[in-house]
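Engineer: Before I ask anything, here is the structure I am working with.
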Amino acid sequence: MPFVSIRLAGTASKQQKAEIVADVTRSLVERLGKNPAAVQIVIEEVSTENYGAGGQLIADRDAPATQPRGDAHAEPGQ
């Protein structure tokens, strides 16, 4: 019985996860001749605050750059 574990950094929609499960199951059926009813798949969504690469959290790496206060291009009153 195939057991597949997939970890995603961040989140996916229910529809996206359903499509991943269908695609992986189909691949194991076509390539290994497995019974689709026997294929088990677990999708784990890992918060980007709990995952790091290259020495920094993914959440920090992917965070949009913020404009420093007092910037000459800031709108008046900000």
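The values are calculated or read from the model by the stated rules, or taken from the named source; none is laboratory data. Being a predicted model, the structure only gives us computed values, none of them experimental. All Cβ positions, glycine included, derive from the backbone under ideal geometry; neighbour counts span all protein chains shown. To get the accessible areas, we keep the full protein, side chains included, count just its heavy atoms, and leave off ligands, DNA and RNA. Shrake-Rupley method; radii C 1.70, N 1.55, O 1.52, S 1.80 Å.
Engineer: Take the residues in segment 24-60 that are within 21 Å of the chain's Cα centre (by Cα), without any contact (Cβ under 8 Å) to a residue 12 or more places away in the chain and open to solvent by less than 80 Å² (accessible area, probe 1.4 Å), then tell me which one is nearest to M1 (Cα to Cα).
Structural biologist: S27
Engineer: Could you check segment 1-29 and list, in sequence order, the residues that are farther than 28 Å from R61 by Cβ and in contact with a strand residue (DSSP E or B) (Cβ under 8 Å, 6 or more places away or on another chain)?
Structural biologist: If the condition is that a residue be farther than 28 Å from R61 by Cβ and in contact with a strand residue (DSSP E or B) (Cβ under 8 Å, 6 or more places away or on another chain), then M1, P2, F3, V21, T25, L28 are the ones that fit.
Engineer: Still on this structure: Kindly indicate whether N50 is of a type in the set (S, T, N, Q) and modelled with pLDDT under 95.
Structural biologist: Details: of a type in the set (S, T, N, Q): yes; modelled with pLDDT under 95: yes.
Spelling it out, N50 is indeed of a type in the set (S, T, N, Q) and modelled with pLDDT under 95.
Listed here are the residues, each with its yes/no results for (1) β-branched (V, I, T); (2) assigned to a strand (DSSP E or B); (3) modelled with pLDDT of 95 or more.
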site	(1), (2), (3)
I6	yes, yes, yes
K17	no, no, yes
V24	yes, no, yes
V29	yes, no, yes
V42	yes, yes, yes
A63	no, no, no
P68	no, no, no
P76	no, no, no
